[in-house]
Each structure stands twice: as structure tokens, then as C-alpha cells.
């Protein structure tokens, strides 16, 4: 009997392979560029934290903490958990490193894996990835909320995410929301027997979460429930109106969605969500909101306000692929999809020349494929074609003697002999023409 074992990835996790990884790199690079123009800087966070950090911030009675977190006992018998989200870690770092003394608002973004043991489905995994940003500081000005949303919409515009829809709402504050929650709880008690088991449980633990229900038979019931907009205090109403005015000043189109809520006490006022096509019924690609009470909850200054968002990177990439914006090759992509140049060399002397030329081409920013062994002419050019190279640059004894290379454009087979300076000019012109 063979003792060989075929190992496979654990259910709910996956490998991200080329060509998909090229699209991931593009998404992350564009995010860095866009966030940088708004004055955000990257923070790199630990993958695990004390379990109590998430129990306190996310909520000990939430499904995330009670059912979905990957928690384990460390060697010193302390409980640590793989991060299910990153906002708590950002706030922990903000407090730990005394960042409240920095001038103005502290604007941070992060990228990386998160972990939740939930049922895998389209675009949702147990190891999933997020791109997020947080603004922490003394001000809760509506202009901050609007600028954060503007940055998000600019990112999706740069990525050519088609059909993105922005939904916004205000969920009030600790002065006005508790009264609304009690009114909501009372109305839900009247229709309790018509609700599913999850909603029945949430009547007592977190009535706002009932508004998130996707059960078909509950939608008509929820539609008749009282709306939080009717119960905002004057300050929250003024804040929400100003957020909408600021979005209008920025030319940002939005929909108001009264069911867009957050279940935890430290969330307040602005909440927002962006949906995208190609994801089925669970079509949110990004969610965010204001959380002015979180820094105090985790031991920081009570005066610190916060707002942020998290993008589901897996879901964003999936939506881009569904819209035809995905990478299309299995090799590192040049401007044309495959390598800009396939360097076909023939003979030992030509290999040394090709290695030097390949280095100079790469220094100039071109994607170069250089075969490691001497191949026959037909086989070498056939590989260049299969790799979807734009050009084959041929280096052989004749080329070495003449001080030129032969450049073959693989799309139509046209070729010419060029000296090295002419080669670089030719490739740059071809690259510019394809953009």
C-alpha cells in the first residue's frame, strides 16, 4: 500500500492563483494610490490579538465572537484569537502607541486576511481578505464622513467597478437610539409569532438586527416597522442632513436605506454600504460607519471619534471578474496581458547577450520572459505565442555579428532588425499605443 497522502486546502479557504492574483495586485495597488491622495497611511497589524479585544469591541453575544472566531489557548494559558475584523486592532494600536497626540485626524488604512468560521458561499470564505480605512481624532464633522465615502467611490471608479450603489442611513446616538430600540422591540413583540427563530431571539438581544433579515416571509413585516429617521434627536438630524449636503457637493449619488443599521452600541450616526452586481443576494462589497464610542470602550480617550469602512476584497475581485475586468493570462502581465518581450536566444554567446539585454529591459519597466535553456527556433517562438507575448526579440549569431536584434510582433508576424536604442524606442511606442 502507498502511504502517499494527497493534501488539499481546508474547506472554506483557497489558493489565489495566477491570473487572478494579478487582479488582486492591481486592486491593492490602486487602493494604495487612491488612499494616499487623501492623506491615509498604511498600518500593518498582527493577525492574532487577545480574545477579549474582540469580545469587547465586536460584542461577546454576537455570532462572530460566540460562534465564528478561531480562538485558542496560548502557552501561558491566555486566550488569543485570529482577527475576525481589523477595526478593533487599529483602535488598539491607536491607543497603545499614543497616536491621539498626533496633529489633526489620524488616517490609517490596512490590507490583509481575516478569519471567521462561517458557512462558505460565493465570495465568502473562512480566510477572507479586507481592505479598510479608519479616521480617528477629536472631530465628528460631517465633512469627514463625506470625504471617507468620496474616497471609496473614487477607488471603485478607478477600478471600473460597474453598477456600484451607495446606501446611507443615520442610526442616531446614545441619546436617541435607545428609545427607538424600545419602540422597535415593542412592535416586534406584536408580530413575534410571524418571525423566524433568529429574529425571535434578536427581539431580546438586539432588535436592530431584525432589520437585516433576508428571510422572504419577514420582508413585509419589517417594511411596516417604525423607522429610526422618525426618532433622531435634533443633533443627529442636523448631522445627517449635513452629510447628505456634503455628498451632494462632491457629486456623489446615494440611496437612503432606513434598514441599514449596526447592532453595537458604539456605532452611531452615519452608516453606509456599497453593493455591486455579480454577487447574488449577498451583494454588499463594502460597509462602514461612525463609531464614536469605540475608542473609549477599549480604554482610550473618551473625546476620540472614529469612522471607517471595510471592503471585502474577495467579493470586490469577484464583482470585477463578473464585469470582465479580471486578468486574462497565466503569466506576469505586461501592458498587453502577457510579457512585453520574449527573448529568444540561440547559442552560448547569444545567451550571455540576452541575459544582459533582459536586465536592461526589466530596468526600463518591461515584462521579460527569458528561457533558461537553448530551444530550437520553432519551439521557442511557439512558447512565446502560447505565453501571449507581444514581441519576440531574437538574439542569434547573425544578430550578434551585426550588433542588432530581430524584433517580431507576434500579433501579425511582422519583423525588423533594430539596434538596442531603437528597440527601446520601438517597445515604448508599442506600449503607449496599447494603453
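Read the figures in this text as sums done on the coordinates, not as results from a lab. What you see is a predicted model; the values in this text were computed from it and never measured. When we count neighbours, we look across all protein chains shown, and the Cβ atoms used for this are built from the backbone with ideal geometry, even at glycine.
The C-alpha atoms of the chain define a longest principal axis, and helix 142-158 lies at about 30 degrees to it. Distance from the alpha carbon centroid of the stretch 100-131 to that of the stretch 361-376 works out to 37 angstrom.
Distance from the alpha carbon centroid of the stretch 198-217 to that of the stretch 249-273 works out to 19 angstrom.
How big is the antiparallel share of DSSP beta bridges in the chain, given as a percent to the nearest 5?
On the way: 49 of 60 bridges.
Given both bridge residues lie in the chain, the antiparallel proportion sits at roughly 80 percent.
Gain on full extension, evaluated as 0.36 nm per residue between residue 434 and residue 191 minus their Cα-Cα distance, stands at 81.4 nm.
Debye calculation, C-alpha points only, no solvent: report log10 I(q)/I(0) for the stretch 341-434 at q = 0.25, 0.26 Å⁻¹, in the same order as the q values. Here log10 of I(q) over I(0) equals -1.58, -1.72. The long axis of helix 377-386 is offset from the longest Cα principal axis of the chain by roughly 20 degrees. Inter-label distance, residue 360 to residue 374: 2.3 nm, where each label sits 7 Å from its Cα along the C-beta direction. A protection proxy built from the mean count of other Cβ atoms within 10 Å ranks the segments 190-201, 309-320, most packed first, as 309-320, 190-201. Between the stretch 160-189 and the stretch 77-95, the C-alpha centres lie 26 angstrom from each other.
Using only the alpha-carbon atoms, how far is helix 177-190 inclined from the longest principal axis of the chain? Give it as 0 to 90 degrees, nearest 10. With both axes taken from Cα atoms, the answer is about 80 degrees.
At a Förster radius of 45 Å, what calculated FRET efficiency corresponds to the Cβ-Cβ distance of residue 139 and residue 15, to the nearest 0.05? If you can, show how the numbers build up before the last one.
Numbers: r = 43 Å, r/R0 = 0.96.
Plugging the Cβ-Cβ distance into 1/(1 + (r/R0)^6) gives 0.55.
For the pair residue 238 and residue 255, label points projected 7 Å from Cα toward Cβ lie 3.2 nm apart. A full extension of the chain between residue 200 and residue 117 corresponds to an added length of 27.5 nm, given 0.36 nm per residue minus the alpha carbon distance. According to the square roots a ≥ b ≥ c of the eigenvalues of the Cα gyration tensor, what is the shape class of the stretch 160-273, taking rounded for a/c under 1.5, prolate for a/b larger than b/c otherwise, and oblate for the remainder? Verdict is oblate for the stretch 160-273.
Between residue 348 and residue 4, residue separation times 0.36 nm minus the direct Cα-Cα distance comes to 119.7 nm. Going 7 Å from the Cα of residue 70 in the Cα-to-Cβ direction, what parts of the stretch 1-30 have a backbone nitrogen less than 17 Å from that spot? Counting backbone N atoms under 17 Å from the label point, the list is 8-16.
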